[in-house]
Structures are given as C-alpha cells and as structure tokens.
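Okay, so here's the structure we're looking at.
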Amino acid sequence: MISGIHQRESEAIEKGSSLGRDSWLRLRKNRLAMTSLWFFVTVVVICFLLPIFSFVPDPNVTFPELQSAPAFSTATSVDGIEVYYLFGSDHLGRDIFSRILYGGRVSLAVGFLATAVSLTIGVAYGALSGYIGGKVDAAMMRIVDILYALPFMIIVIILTTYFGNNLWLLFVCIGAVEWLTMARIVRGQVISLKNQEFVEAARSLGLSQWRIIFRHLIPNTIGPVIVYTTLTVPAVMRLEAILSFLGLGVQPPDASWGSLIKEGADRMASDPGLLVYPAIIFALTLFSLNFLGDGLRDALDPKSSKD
Amino acid sequence: MIRQRKDRTPQGYLQHLTRLGPILGFALLVIASGCSRESKVEIATREKILIMGNGAEPKALDPHIVSSVGDSNILRALFEGLVAYHPTNDMLHEPGVAERWEANEDFSEWTFYLRKNAKWSNGDPVTAHDFIYSYNRILHPEMAAPYSSMLYFLKNAEEFNKGEIKDFSKVGVKAEGDFTLICKLKGPTPYFPDVVKHTTWLPVHGPTIEKFGNITDPYTEWQKPGNHVSNGAFILTAWRINAYVKVRRNPNYWDGANVKPNGIDFKPIDNVFTEEKAFRNGLLHYTYVLPENLIAKYKEASDPRLRTETYAGSYFYRCNVDQAPTDNVSFRRALAYAIDQETIVEFVTRGGQQPAYGFTPPSKAGYDPPKIIAFDPEKARLHLKEAGYESGSDVPEFTVIINTSEAHKSIAVAIQDMWKKHLGIEKVKIENQEWKVFQQTVHDTNYEVSRAGWIGDYVDPNTFLSMWVSGDSNNNTGWSNAEFDRLMEESGLISDPAQRYATLKEAERILLNDLPILPIYWYTRTYLIHPDVKNWHPLLLDNHPYKYIDLVSEEDKEEVRP
C-alpha cells in the first residue's frame, strides 16, 4: 500500500512536461506557424516522393514543337506522345510542374545540407569557445570576426569557380561559411550557462570536459539553435537561388528553383507562367520556413512567450 | 530636460509631415520622370553617338589577337585597312588607306598605292612600312596569333608563321618607297581586295606597341584608352570592363569631313533578354541579337525596328577528334544524324535560320555546297552500332561546352535530349563558360564537343573551308586529312572560278564525310534597330563601315514637314 501510494506520488511529480512537449503545446497554439509547418512538410514530401511515380513526366524531356503550352492543357507531340501540362510547358516543351518538383529537390536538399554543415561547425566551435573562455575564446572569436568581414558573395563565387560543376561540394562549402552567426549564438548561451549549478554539479562529479560540453551544455542551447536553423535553411536556399540566377548554380538541363526563376524572368514577356509558378512556390516555402522559425522562437523561449 | 520636452515639435505638425512625405515623394517622382523623358538614345542621336549592343566583352582591342565578330566590330571603327568595306554591298570595295590598287594578269601579285594624307591618331603618317610591320607581328611565331592563317595568302607567310623560315623579308610583301605596297601571293586570288578588308590585315602603330612592350607581347598597356593609337575614323576614348567601349571622332582621320557620327558606344551585353529590354527602354540604338521568344512577338506587331537578313555564317558543334568518344568517325556520324536540325530551326531558334545540311552556307556567288547531313535516326543508330556501342547507355560521359547565352543553352539542351531520344545516350553534360574562357578552351582543344559559329570573312567558300586545313589556327578540332589539305592547296592555284568551286566542293565532301563538326544551322541576322539610324543597309557579312551611318531623329523630321 505504502509503496503503491509512493509510486503514484512520484509519478505525479515526474510527469512534469519536458521542454519539447511544452514548446510543442505552445507552438500548436500558433496557427500561422502550424500552417507553415504543414505546408513545408507537404512541399518536402511532394518534391521527394512524387517524382517516384510515373505520372510525373521526366523534367528534362523536350518536345520543342509543344513549346509554351498553357497551364492545364493536353498536347500531342509529333511522335504521338500525349503530354498533360499541369503548369504549362517552357520554350523547349518541358513540363514546368515536373521541373518545379525536381528543382525543389535540389533547392531543399541544398538548404538542408548546407544548414547541417553550418550547424555542426557552428555549435561545436561556439560551445568550445564559450566553455574554455579567456584568451582562447578571444582568439577564436576574432577569427570569426575576420571571417565575417570577408565579402561573402565573392567568397562563394570564388568557391564556385574553383569547384566548378560540383554542386554538392559547393554547398558543403557554403555551409562552412554560414556557421559564423551560429557560433556566436551558441557561445553566448554557453557562457551564460557554464557557471550555473548543474554544470558545477557535473564538474564536481568528475565528468570530463568533453562530456560536460556535449552532454550538458549543448543540449541546453537547443532552443536558439533550432530557431536559428529554421532561419538558415531559407537563407541558404535563397543563396542558391541567387547563385543560379547569376548562372553559377546548377548546370543545364537540371534545374533548381533559382534557375527556374531566372529562366522565367528572362522569358516573362512571352511566357509569364515560367516565372510565376516557380516564384510562387519558392516564396511560399521561404515564408513558411520563416514563420515556422518565428513560431519556434516564441515556443522554445518561455521568457518571451506571450501567455 | 523639461525644456527640451517643451521644444519638441508639436504632434500636429508631425502628422502633417508624415502625410506630406508620400505626396512630396510622388511629386518628385513626377518631376524626375518628366526630366528623363528624353531617353539615352534620343540624347545620343542628338549628339550623333551611335549606341550598339555588341554581345560579349571584347577580348582585346588589338587586331592581331581577336577572332570574334563582336571584337572585330569595334576594331572596324578604330582602324582602317588598305581597302574598306562598302556600305551597301560586300562584293564592292571602298578605298581605305590605299587610294587604288591593281593586280597582275593572273591575280597573284597585287600593288596597293597608299594615299599620302592618311594619318595615325597621333599625327604620324600611315605608310607601307606600317603594314609590313603589322604583317610581321601577326605572323610572328612568338605572337601565336589565333587568326594568323588569314595571311597565308602571302607567299611564304605560312612557313614564317610555323617557324620554318626565320627571315621575314622572304615573306611576299614589300614596300616600294613609303606609299606603295606590293603583295606577292601563293596563288591566283581574284578576291584579294576582299581579304585585305579583314580585321587581321589592319595596320598597327609600331612605335606605340614597342613603347609598352615587345613587338610580340599580346596584352600590354597600349590597348588602354589614352595609349591606344589607331588610324580609323574613330579613336578609343574609354573602356570599362563589362560596361562599355567608347570611341570618338579621330581628328587626324584623312576623310574626317565625311565621317557622319561623332562616336560609337559599344555595350557588351551577353544576356540577350537584357539587351532587348535595354533597347526597349531607349538605351540602345541597335541590338546584337534578339531572343527567339520575342522574334514572333515583334513579327506579329510588324514592328519596323525588327530586321531579318541573310547572313553568311554556319552554326555547328566542333568535335575533338583526339579524345574518346568523339575520336571515332562512326560515333561522330551518329551524333550528327541524330540532330533534328529542322526542329531546332523551327522551334528553338525561330529566327528563320536554315537547317545546315553541310558546312558552307549556300550563296548567290555560284558555289553550291554538298548537302549530305540530314536528320535520320535510323542511320544514326546504325552508326552508333558501328562505333562499337550496343546501345547509347554504353557511351561514356562527355561534355558539350557552350559560351554563356540563353540561345546556346536552349540549343544544347534540345540536342542533348535528341541524342537521348534517338540514340539513348544518357550521359551528356552541358557546361557553360564565359566568352573569353570559352575561346581559350576551344583554342587549346580542351573539350569533347564545343559550340561554334563561323561567319564568312569574305564572300568566297574558301573562308569556310580553309580553316579545316591541318593545323590551321581556327581548326581547333585536331582533325587533319591529307586529301583535304591537298585539294585546298590545289584550289588556291586555280584561277578558273568554276573549276575552283568544283575542287572546293570535293574538299567539303571529305570534311562532311569525316565530320569533325556537327552542322546545325545556317545563320540569319535578326536584330532590332532604332529608326533614327540611317544608312544601315543589310549586308551578307554584316561588316558595316560606320563612317557612313547617320543619326537623324525621326521627330525632327516630322516637325520640319508641316
């Protein structure tokens, strides 16, 4: 009996809510952020899964004779192949809808890849710098300052010329340049955390420094890190779009959202659809990521929450 | 503190100010737009400055280095050769630095009599020695000029260029006094005055070149505005990379009184869509090209600014014959027969081009090129089998390089898909390169397949065929055929035109049989030109002598009429 009561009591005590659950509950109340989340998940799922099914045409197959077909139309090529154009066709008779999906794969993958790289470097660098402190911290942060001062676009263009056509390698490099802000954020967090009691407790238990940094400090910085990550993904996607717009990103005939928008912008006088459809989807995706990031910031930081 | 608070601007005033802001801004906008109602082109017309779109950034402003059409457009304004271009007909000649010229009876020796009043822009007289100096420079082996083969018409020029002869005085050109130039040629060349109009035969000012480096140094300071000395109707006054090349009236030009425009601004705009927008917004008098999707639009509106003209040029792909997989003749044939040229012309380029069934474009001059290459997927597949590939998926990856341009990209993507559709070749990459880089890559034959275009330098099939002779500086494919070389050599010694054309045709047949090139289409020139530009006549080679071009505002005329 006694033990049973004790059990129930401790259950009640332990059933506090975790940070994740708490924030999830708070996030759920934010309608804009939730809509954005579902929209983004849908876009990702469609881009990565839909091209598996055969009814999505090959994005690089050309039917020059079927050029500039309007949206929602069916056309028959000279060889008797019937093509349905959901969003119309471009100047070479390629299906815009399917090009947007395949382009989305490149843009999203690039966004995630570069963000993952910047996350890894930024968090590790910032945490180390903040935890060690002193002269090491000063030196490490001055390095970050120097890197900040370099003109970002020029570095990326130099990297592009150096790595040529290898898109993936290039975006690993972009990630390697994008980590600076992340490092600063994490450093700030670690400095404010490292003198708190739980760290002292860990230290007095004789844990190694690595363990303290990676098991106790970094998990506590997760809030700002997640927020900043959701904002880095669209930033990198935008950067990819800019590079593609300058003709430095993906090589033809492959597409990314950026290169599709560039092609569309060139031909908007004759085929506005080429510009409008990819631009709408790209803009919506960026918006949704930004709204999601906003919502996460409110949700993960109890101090700034409105309720 | 308190006083400060009292001094603050009353709130009512602030509100007025915030309302005033947009109104003021709008008013300013109206004023500004009112002021700029006169577009750049209108101002330029008034000042008699021609503003031309000119494709890519020029590689150099030195006649011995350049080989592209855009670059020679600028050089034609800066320099004047022995013979000048005629404003209405490429077959006719205008006296340039030479007042008159004559040939011996079999056209193998030409004498040019230079005018005594021709001057360089620094005041020095232009003499026969300047021309000899220039020929020495372009032919010098150390110069490695990309277009030196244009001078192979001269006796012993090829040998000197290849280093077999060290002494330039053995080359068939000499001066008699300061104002007579005698050219001894390899064979009879009745069209020689056409040849010497070309960029490569332009004179350069020796003392200027040697002030900034050796005679054979290619990229020195002498090409900078201020240093540049030229003998044409215009002089270089400003050159900003990727922005403009400006040339203005040359005060020392002998025919200065008859030069109509005061200057020309060449704008390197390699994005065809941007160029058309610039034209529409009144920034250009003339576009270098017109994007294919807008040709139809301008045609529909029957816009008088749209011009479409025959242009003696061939658009094709070069194949590197020393590198797999394009080293295999059957494979090259497979590629050539799988290109549906008619579809490209009708739906991709859309400018009224003709599908190229051979290399030399057909012309009215009498030469009828062999037409062998035509789209035939069956034949293409057979050739692919012959090349040793069971199916297209066995073909190793290769790259097509193009210079950055939407038009070239569309064609490349269409061809890439044709190869995939008809031959099953999956692994074709497309890589675009900036124009200067691209020219170097092609010159170094560092590619598998590369986009190319060749515009005739003079009205004769020889300009299209002589470049494929072994080791020619414009061959760039590594292709070499002894029989072809022999026929070309032979054709140079025949003076009867019909017989010469027959020999050339036989040579072209060999070229089309070996296919170091994949023919795609024969050019047309489609461009936009402002109605203010007068005396701009259609030309087969598109080499307009600028001094005749006049700029008269259409509006002024209308005002005069009533």
What number of residues in region B:395-409 are small (G, A, S) and either more than 18 Å from B:E276 (Cα to Cα) or in contact with a Lys or Arg (Cβ under 8 Å, 6 or more places away or on another chain) (or both)?
0
For region B:30-118, give me every one of the strands (runs of 3 or more DSSP E) that falls completely inside it and has 3 or more residues that are touching a residue at least 24 places away in the same chain (Cβ under 8 Å) and surrounded by 13 or more Cβ atoms within 10 Å (Cβ to Cβ).
B:49-53, B:83-85, B:98-103, B:109-114
For region B:405-449, give me each residue that is at the interface with another protein chain (Cβ under 10 Å from one of its Cβ atoms), basic (K, R) and within 26 Å of the chain's Cα centre (by Cα).
B:K409
Would you mind telling me which numbered condition in (1) under 16 Å from the mean Cα position of the chain (by Cα); (2) surrounded by fewer than 23 Cβ atoms within 10 Å (Cβ to Cβ); (3) in a loop (DSSP other than H, G, I, E, B) B:D322 fails?
(1)
Answer from B:G263, B:G256 - the residue that is within 25 Å of the chain's Cα centre (by Cα) and small (G, A, S):
B:G263
Does A:V144 count as without any contact (Cβ under 8 Å) to a residue 60 or more places away in the chain, closer than 20 Å to A:S192 by Cβ and either within 14 Å of chain B (Cβ to nearest Cβ) or part of a helix (DSSP H, G or I) (or both)?
yes
Candidates B:A278, B:A296, filtered to the one that is within 14 Å of chain A (Cβ to nearest Cβ) and closer than 22 Å to B:D532 by Cβ
B:A278
For region B:174-187, indicate whether the set of residues that are closer than 21 Å to B:E94 by Cα and in a loop (DSSP other than H, G, I, E, B) is non-empty.
yes
Restricting to region A:193-246, and then to whatever is surrounded by 15 or more Cβ atoms within 10 Å (Cβ to Cβ) and of a type in the set (K, R), can you tell me which residue is nearest to the chain's Cα centre (by Cα)?
A:R238
Taking B:I339 as meeting all but one of (1) more than 10 Å from every other protein chain (Cβ to nearest Cβ); (2) modelled with pLDDT of 90 or more; (3) part of a helix (DSSP H, G or I), write down the number of the exception.
(3)
I'd like the residue in region A:158-205 that is assigned to a helix (DSSP H, G or I) and out of contact with any helix residue (DSSP H, G or I) (no Cβ under 8 Å at 6 or more places or on another chain) and, out of all such residues, is farthest from A:L239 (Cα to Cα).
A:S204
Residue ID - farthest from the other protein chains (Cβ to nearest Cβ), chosen from residues in region A:60-82 that are surrounded by 12 or more Cβ atoms within 10 Å (Cβ to Cβ), in a loop (DSSP other than H, G, I, E, B) and among the β-branched types (V, I, T)
A:I81
Among the residues of region B:396-404, is any more than 14 Å from B:L518 (Cβ to Cβ), away from chain A (no Cβ under 11 Å) and under 24 Å from the mean Cα position of the chain (by Cα)?
yes
Has region B:243-254 got at least one residue that is surrounded by fewer than 19 Cβ atoms within 10 Å (Cβ to Cβ), touching an Asp or Glu at 6+ places or on another chain (Cβ under 9 Å), of a type in the set (F, W, Y) and within 30 Å of B:P461 (Cβ to Cβ)?
no
Please enumerate the residues belonging to region B:436-453 that are under 20 Å from B:E57 (Cβ atoms) and touching a residue at least 60 places away in the same chain (Cβ under 8 Å).
B:K436, B:Q439, B:V442, B:H443, B:S450, B:R451, B:A452, B:G453
Looking at B:Y447, is it surrounded by 19 or more Cβ atoms within 10 Å (Cβ to Cβ), of a type in the set (S, T, Y) and at pLDDT 90 or above?
yes
For A:V250, state whether it is surrounded by 17 or more Cβ atoms within 10 Å (Cβ to Cβ), modelled with pLDDT of 85 or more and on the phi < 0 side of the Ramachandran plot.
no
Charged (D, E, K, R), away from chain A (no Cβ under 14 Å) and buried (at least 19 other Cβ atoms within 10 Å of the Cβ): does that describe B:R332?
yes
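The values are calculated or read from the model by the stated rules, or taken from the named source; none is laboratory data. These numbers were taken from a predicted model, which means no experiment stands behind them. Counting neighbours? That spans all protein chains shown, and the Cβs are built from the backbone with ideal geometry, glycine included.
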